[in-house]
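What follows is a set of notes on a single structure, which appears directly below.
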Amino acid sequence: MKNKHANEIVHLLIDCLPNYLPETFLISRLPHMKEVKIKEILAELIKNDQLEEKTDERTKSGGPIKCYRFKNSNGIPIKQSIRVGDVEIPRMMSDSNLTVICETMNEQIQRLAEYSDTLEKRFTDIVKKEQRKYWANLLGIFGAFISIIALIIVGLPKIITDTTLPFWDIVRINLSQLLPLSLVLALLVIVLRFIIK
C-alpha cells in the first residue's frame, strides 16, 4: 500500500518538473491519502536523496510552505503544456528567463479565452440541437394523435360491414378507402418532423 501511495506522489512530482510542488497542493490533490502519510513518504524520499526541499516563507500570507522537486531530472520528460479540452496551454517553468514569463502568461490567458469562446459556441449548438430534437419528437407524438383522431372521425363512417360479402373482401374495400387517408396523414407527420429537425 505504501508503494502505491509513494508512486502517486512521485507521479505528481514528475508532472510538475522542473517546478517545485508545494506540499499543500500535494495534500489537496491526494484527498484519499492522510496528510501524515504524505509527509512520511516525502521525508523518506528526501532521506534517500531523491528530492530537494525549498521553503516558501510567505511571511505576510499565512506562514511557510514546504515545496519539493526531484534533485535529478535527467531522462525524465518535462511536460510542456496542460491540456484543457482540445487546447494545449503552455506551462510556466521555473527555469524560464524572467523576460519571457510575461508572454508565457499572456499566451496561457489567450488560449483559455479562445477555448472559452469555443465552449460557449459548442454549448449553444448543443442546446439548439436538443431543442430541435425535443420539438420534433413532440410534434411527431401530436401528429400521431391527430392522425388517429382524423382516421376515426373520417374513416369510421366509411367502414363497410356487409354481411353478404366474404371477410377478406370487406377488409380490401375498407383498406382501399382508409389507406389513402392514412398515407397522407403519415406523410404529413414525417414532413413536419423533418422540417423541425
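Look through Tyr115, Tyr134 and report the one residue that is assigned by TED's automatic domain parsing to the domain that holds Val189, of a type in the set (Ser, Thr, Tyr) and either assigned to a helix (DSSP H, G or I) or at pLDDT 80 or above (or both).
Result: Tyr134 is the single residue among Tyr115, Tyr134 that is assigned by TED's automatic domain parsing to the domain that holds Val189, of a type in the set (Ser, Thr, Tyr) and either assigned to a helix (DSSP H, G or I) or at pLDDT 80 or above (or both).
Go through (1) at pLDDT below 85; (2) within 26 Å of Val10 (Cβ to Cβ); (3) in the same structural domain as Asn7 (by TED's automatic domain parsing) and name the single condition Ala43 misses.
Only one criterion is unmet by Ala43, namely (1).
The values are calculated or read from the model by the stated rules, or taken from the named source; none is laboratory data. Computed from a prediction, not measured in an experiment: that's the story for all the values here. As a convention, Cβ positions derive from the backbone with ideal geometry for all residues, glycine included, and neighbour counts pool all protein chains shown.
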